Amino acid sequence: MSRRAVVIGGSVAGLLAAAALSRSVDEVTVLERDELRDGPHPRRRIPQARHAHVLLPSGRDAVQELLPGVDVRERLLASGAHEQSLTDILGFGPQGWFRRWPPVVDELLLTLCSRDLLEWTVREAVLGSTSVTVRRGEVVSLRGTAGHVTGIGVLADGTEEDLPADLVVDASGRGSRVEHWLESLGVTDIPTDEVDSGLVYASRVFRVPPGAENFPLTQVEAEPDHSRPGRSGNLVPIEGGRWLVSLAGTRGGEPTADPEEFTRFALGLRHPLIGQLISGAEPLDEVSLSRSTRNRRRDFDKAAMPEGLVVLGDAVATYNPVYGQGMSVAALGALALSRRLQQADVTAPGFAREVQRAAAKSVSAAYTLSTSQDQWFPEVIGKAPTLVDRLLSRYMGRMARVATTSYPVSAAMCSVITLQADASRLVHPKLLLATLRGPVMEPLSGPPLTPEESGFLDTLGPVPV
């Protein structure tokens, strides 16, 4: 009997879910509201696409498993994407400058490029290697009952029609209306959690100045504090000889869209390095702002969900974009779908629920990492930190301090941050002992620059005031 699946949303989450389904389902259709132009172009309803994105190694590996016949990594690198070991970035955390360790294994390599390039490359790979089709239209409802979804209602060219499906995957992003659609079927009370620090993101693209072509990913992190807003910045090398610079500030310390203020904000971070780097660089666009930065999770895996419906990607949970988790969590969700398809048919009883539970593991890990920091900023909206949160925060702060001087501790923390290892790894006896012993070296007094990087900074002259 022929099987049909419909995926709502043509972003990374939707395309990878469609790729997973294509190996087991006869007909897979992706419904997308926006026009999908040829080439790496921004989509109209994705304002956060203009801000810094990274693909974590866990996401990269998930993409490769979902598209085994296509080397997406090689395609990205050929288009100008960069790879950077997480242990070799210029990173200034709350506990000081991290030392830079030579890359040892590929497991900690980040993929750095614009979201537009990543999404287009994935789309080309999926459509070029599978039978997935993309159709333009706006989903207006779920068809079926509280016990079983049987398809969707689609509005296209002013006409609404039914599109039947054995499985519907909602991957329509942070603007998903799935709760509204479920409510119309009689499904309510989806458990929800939210932590909102009031973060505002401001981003701008610069041409990389001559002499700075090899400058790595540079981060100045916020210092979580109840009394002061958190301000942070990321300078990400992307394709085309460009830097994508994203600055962020929590409630009371937000950046603005003023181009002159952009550099001043960067210079005013806990360290002025990013501001120094862009002070003499040529801007290539205006400043883009985003306020869609709250952490919000909907626990569909704990709700009485109907058969025939799976929710993935940002439609499940959104995260403070500072942590760069969204696209990788989306890929891991699609991978959970793929692996379940190897064990059962989409029409098997409980299929959707099993997928939702499996996908929830990476969602929970990313959400916990994000909110464990955001909950400490002033005027945050969300549940107050518990005693356990306070104890864990002290432990993690001490571990981060040790990580600035120890490769094994730094690598262990990185493996958890990149969603490759469970957080339980951080309480392994060896790490516990290393954390209790404390730092093994004196803290760095400044950024650990290479001679080439120091030479470039010297050409910029004194820090602008």
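For segment 368-399, what are the residues that are in a helix (DSSP H, G or I) and acidic (D, E)?
D374, D389
Select from segment 250-270 the residues that are among the β-branched types (V, I, T) and part of a helix (DSSP H, G or I) and list them in ascending order.
Matches in segment 250-270: T263 only.
Within segment 63-77, is there a residue that is free of Cβ contacts under 8 Å to residues at least 40 places away in the same chain and surrounded by 20 or more Cβ atoms within 10 Å (Cβ to Cβ)?
Looking through segment 63-77, none of the residues is free of Cβ contacts under 8 Å to residues at least 40 places away in the same chain and surrounded by 20 or more Cβ atoms within 10 Å (Cβ to Cβ).
Of all the residues that make up segment 44-60, how many are at pLDDT below 85 and either polar (S, T, N, Q) or in a helix (DSSP H, G or I) (or both)?
Residues that pass the stated criteria total 4.
Cβ-Cβ under 7 Å, sequence separation 6+ or interchain: first residue in segment 141-166 and in contact (Cβ under 8 Å) with a residue 40 or more places away in the chain and more than 15 Å from R33 (Cβ to Cβ), partner surrounded by 14 or more Cβ atoms within 10 Å (Cβ to Cβ) and among the aromatic types (F, W, Y). Which pairs?
The qualifying pairs are L142/W181.
Please state which one of L332, L337 is touching a strand residue (DSSP E or B) at 6+ places or on another chain (Cβ under 7 Å), at pLDDT 95 or above, among the aliphatic types (A, V, I, L, M) and crowded, with 22+ Cβ neighbours inside 10 Å.
L337
Looking only at segment 329-360, count how many residues are of a type in the set (S, T, Y) and assigned to a helix (DSSP H, G or I).
Summing the residues that are of a type in the set (S, T, Y) and assigned to a helix (DSSP H, G or I) in segment 329-360 gives 1.
What's the number of the condition G313 fails, among (1) within 22 Å of S424 (Cα to Cα); (2) surrounded by 23 or more Cβ atoms within 10 Å (Cβ to Cβ)?
Every listed condition holds for G313 apart from (1).
Out of everything in segment 273-289 that is part of a strand (DSSP E or B) and not aliphatic (A, V, I, L, M), what residue ends up being modelled with the lowest pLDDT?
S288
Yes/no matrix, rows are residues, columns are (1) surrounded by 22 or more Cβ atoms within 10 Å (Cβ to Cβ); (2) touching a strand residue (DSSP E or B) at 6+ places or on another chain (Cβ under 7 Å); (3) not small (G, A, S):
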{"position": "V126", "(1), (2), (3)": "yes, no, yes"}
{"position": "R136", "(1), (2), (3)": "no, yes, yes"}
{"position": "T159", "(1), (2), (3)": "no, no, yes"}
{"position": "S172", "(1), (2), (3)": "yes, yes, no"}
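Taking into account only those residues within segment 61-115 that are of a type in the set (D, E, K, R), modelled with pLDDT of 90 or more and more than 29 Å from L269 (Cβ to Cβ), which is nearest to the chain's Cα centre (by Cα)?
The qualifying residue nearest to the chain's Cα centre (by Cα) is D61.
Of all residues being under 20 Å from the mean Cα position of the chain (by Cα) and surrounded by fewer than 17 Cβ atoms within 10 Å (Cβ to Cβ) in segment 358-396, which is modelled with the lowest pLDDT? Just the residue, please.
Looking at the filtered set, the residue picked out is T368.
Which of the residues belonging to segment 158-189 are within 21 Å of V25 (Cβ to Cβ) and not in a loop (DSSP other than H, G, I, E, B)?
Scanning segment 158-189 gives E161, D162, L163, P164, L167, V168, V169, D170, V178.
Among the helices (runs of 4 or more DSSP H) contained in segment 400-465, which hold 1 or more residues that are loosely packed, with under 11 Cβ neighbours inside 10 Å?
Filter on segment 400-465 gives 429-437, 451-460.
So which residues in segment 155-204 are basic (K, R) and either modelled with pLDDT under 95 or out of contact with any Phe, Trp or Tyr (no Cβ under 7 Å at 6 or more places or on another chain) (or both)?
Once the filter is applied, which keeps residues that are basic (K, R) and either modelled with pLDDT under 95 or out of contact with any Phe, Trp or Tyr (no Cβ under 7 Å at 6 or more places or on another chain) (or both), segment 155-204 yields R174, R177.
Take the residues of segment 218-261 that are closer than 17 Å to S288 by Cα and polar (S, T, N, Q): which is surrounded by the most Cβ atoms within 10 Å (Cβ to Cβ)?
Checking each candidate, the answer is T250.
When only residues in segment 290-310 that are out of contact with any Pro (no Cβ under 8 Å at 6 or more places or on another chain) and assigned to a strand (DSSP E or B) count, which is surrounded by the fewest Cβ atoms within 10 Å (Cβ to Cβ)?
Checking each candidate, the answer is R296.
Which pairs have Cβ atoms under 6 Å, sit 6 or more apart or on different chains, and link a residue in segment 385-405 that is without any contact (Cβ under 8 Å) to a residue 60 or more places away in the chain to one that is of a type in the set (A, V, I, L, M) and surrounded by 15 or more Cβ atoms within 10 Å (Cβ to Cβ)?
Correct list of pairs: V402/V409; V402/A434.
Among the residues that make up segment 210-219, is at least one of them in a strand (DSSP E or B), touching a residue at least 24 places away in the same chain (Cβ under 8 Å) and within 30 Å of R100 (Cα to Cα)?
yes
The values are calculated or read from the model by the stated rules, or taken from the named source; none is laboratory data. Please read these numbers as outputs of a predicted model, since none were measured by experiment. As a convention, Cβ positions derive from the backbone with ideal geometry for all residues, glycine included, and neighbour counts pool all protein chains shown.
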